[in-house]
Amino acid sequence: MTAVSGVGEGPVILWFRQDLRLADNPALAAAVESGRPVLPLFILDDETPGRWAWGGASRWWLHHSLAALAGDLRKRGATLVLRRGPAPTVLRNIIGDSRAGAVFWNRAYDPFAVARDTALKTDLGVEVQSFSAALLHEPARLRTKAGGPFKVFTPFWNTLRNGLNPPVPLRAPVKIRDAFPIAGDSLDSWKLLPAGPDWSGGLAATWTPGEAGARKRLHDFLKDGLALYRDERDQPAKPSTSRLSPHLHWGEIGPRQVWHAALDHARQSGDAPLEAAAWAFLREVGWREFSAHLLFHWPALPEKPWRDSFTSFPWRDSAADFAAWSRGRTGYPIVDAGMRELWDTGWMHNRVRMVAASFLVKHLLLPWQRGEAWFWDTLVDADLANNAASWQWVAGSGADASPYFRIFNPVLQGEKFDSGGAYVRRWVPELAALPDKYLHRPWEAPADVLAVAGVVLGRDYPAPIVDHAAARQRALAALAATKKPSEEQG
């Protein structure tokens, strides 16, 4: 916690950001414990993040999450105030309108948030307190033995795991002393939901935004998915991953809650394999922490290659290839299934994310920033740190990255991780009648097999937009042509 002494004993403004929950919310707990009236506030600020203002899928999620939060607050006697505009301006106006004596918030770590919050702590003229709620660690404090930030995941994770003792999550307050009501915007007036044709039907069928939805998602995963996690997590047709990422991103559940719940569940069972599965799952939570650590220490991560050697990489520019990729029309079924799942549900299985991202940057030789921007707009879990770090990992330009010369073969990836074809048949139904032998390589199917399956390549499903072997050679040639700098950041 950090605090700046100010003046006044008016209400405490509780500024919600990406911590849209009541349980294990340290800022909320401190505001309630202060004994002063609490004014819950959410600000829609599209100006401060610049180009990283929330995309379409994120805005859909935010609408429903705020509606759920407002309902949860009402049950405890408080009213969520919504205001739109630059956060510093809105906060000053709210302080004036409410005569608030303090502003409490939970810390955010994106570069623009760090700069904004640092200034606000001295500029608001009232008491300011900030708390840790979004991460298991403070990026500024976790250091290597040499005293610098971590650049490699495994030592980061080992240090985090071995040195971490997360506090027991806080309970949600039973009652919140509400402040004198002030005017706010209506949620509908923000127009966060799709205008015109509604593309969000798949999102609504897949997700339940809000704290209750997050709790249920975690409960169901621990009950039905954790035991299968180590063996099945790379199989996109199996429901063996947690799908907690959007709930964690929006702070509808916190990492301390996930940490304790997973380990408590495993240890209470007395089952050693289940505890091992819990640690394998928490290691993925550790990647989220590592991504935040990287972004905090290298704020340019979303725009520029972390490794300087990739600054001169000879990327292509092809609107047609990008359109085929983004619409799931590349001719490679596992890639197309992933891109269609993304468009329909706002989410994609992690194994398929790697395959689809690799296809963009290596088979098509299109810059990772284009894929990053597409995911930013279409993912319900579009997290700036995780999105940037993961794209750079695939592209070979990031910290502890997969080497660029390791190029996924999308056919072999499909056959290995979707061997029965359930995932492709769900998302690429025009190929559903093909036998397993040809499902991931339909261009090799004999004419009679295609005819029986009712598939005409080029009409019902595209032929591959690039040959794998040729694309691989082109990518390796591009890598060889890249100039080597005298130094690299990594």
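Nothing in this text is a laboratory measurement; each read-out follows from the coordinates by a stated rule. Predicted model only: the values in this text are computed from it and were never measured. All Cβ positions, even for glycine, are placed from backbone atoms using ideal geometry, and neighbour counts span all protein chains on display.
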**Cβ-derived FRET efficiency at R0 41 Å, residue 188 paired with residue 433, nearest 0.05** = 0.40
**Global form of the range 2-134, assessed from the alpha-carbon gyration tensor, a/c cut-off 1.5** = oblate
**Prompt:** When only DSSP loop residues count, what GluC sites (Glu not before Pro) in the range 1-84 have their Cβ near at most 14 other Cβ atoms within 10 Å?
**Reply:** 9, 47
**Prompt:** What ³J(HN,Hα) values, in whole Hz, does the Karplus curve 6.51 cos²θ - 1.76 cosθ + 1.60 give for the range 196-201 when θ = phi - 60°, with x put for Gly and Pro?
**Reply:** x, x, 8, 8, 9, x
**Message:** I need 312, 65, 186, 200 ordered by Cβ neighbour count within 10 Å, fewest first.
**Reply:** 186, 312, 200, 65
**Request:** Return the percentage of antiparallel bridges among DSSP beta bridges fully within the range 2-134, rounded to the nearest 5 %.
**Result:** 15
**Asked** In degrees, nearest 10, range 0 to 90: what is the angle between the Cα axis of helix 468-481 and the longest Cα principal axis of the chain?
**Response** 60
**Request:** Per residue of the range 306-321, in order, report the coupling 6.51 cos²θ - 1.76 cosθ + 1.60 (Karplus, θ = phi - 60°) as ³J(HN,Hα) in whole Hz, putting x for Gly and Pro.
**Result:** 5, 8, 4, 4, 8, 4, 9, 5, x, 5, 8, 9, 9, 5, 5, 5
**Fill in**
Taking 0.36 nm per residue of separation between residue 121 and residue 412 and subtracting their Cα-Cα distance, the length gained on full extension comes to 99.4 nm
**Item:** Inter-label distance, nm, simple model (7 Å from Cα along the C-beta direction), residue 216/residue 481
**Value:** 5.3
**Asked** Can you give the extra length, in nm with one decimal, that the chain gains between residue 199 and residue 377 once fully stretched, where that is 0.36 nm per residue apart less the Cα-Cα distance?
**Response** 62.8 nm
**Prompt:** To the nearest 10 degrees, how steeply does helix 255-269 sit against the main Cα axis of the chain, on a 0 to 90 scale?
**Reply:** 70
**Request:** With a/c under 1.5 counting as rounded, go ahead and sort the range 88-237 into rounded, prolate or oblate using the C-alpha gyration tensor (a ≥ b ≥ c being the square roots of the eigenvalues; past the cut-off, prolate if a/b is larger than b/c, else oblate).
**Result:** oblate
**Complete:** Of the range 130-152, those with amide N under 20 Å from the point 7 Å along the Cα→Cβ vector of residue 283 are 136-137, 150-152
**Prompt:** In nm, to one decimal, how far is the modelled label at residue 180 from the one at residue 311, with both set 7 Å along Cα→Cβ?
**Reply:** 5.7
**Message:** Give me the one-decimal nm value for the distance between modelled label points at residue 260 and residue 228, 7 Å along each residue's Cα-to-Cβ direction.
**Reply:** 2.9
**Asked** Angle between the Cα long axis of helix 384-395 and the longest principal axis of the chain, 0 to 90 degrees, nearest 10?
**Response** 20
**Request:** Within the range 427-446, find all residues whose amide N lies under 14 Å from a label point positioned 7 Å from the Cα of residue 452 along Cα-to-beta-carbon.
**Result:** 433-439, 445-446
**Item:** Förster-model FRET efficiency, 22 Å R0, residue 67 and residue 89, C-beta, rounded to 0.05
**Value:** 0.30
**Item:** In the range 286-369, the GluC sites (Glu not before Pro) that fall in loop regions by DSSP, at most 11 other Cβ within 10 Å
**Value:** 303
**DSSP beta bridges in the chain [antiparallel fraction, %, rounded to 5]** = 15
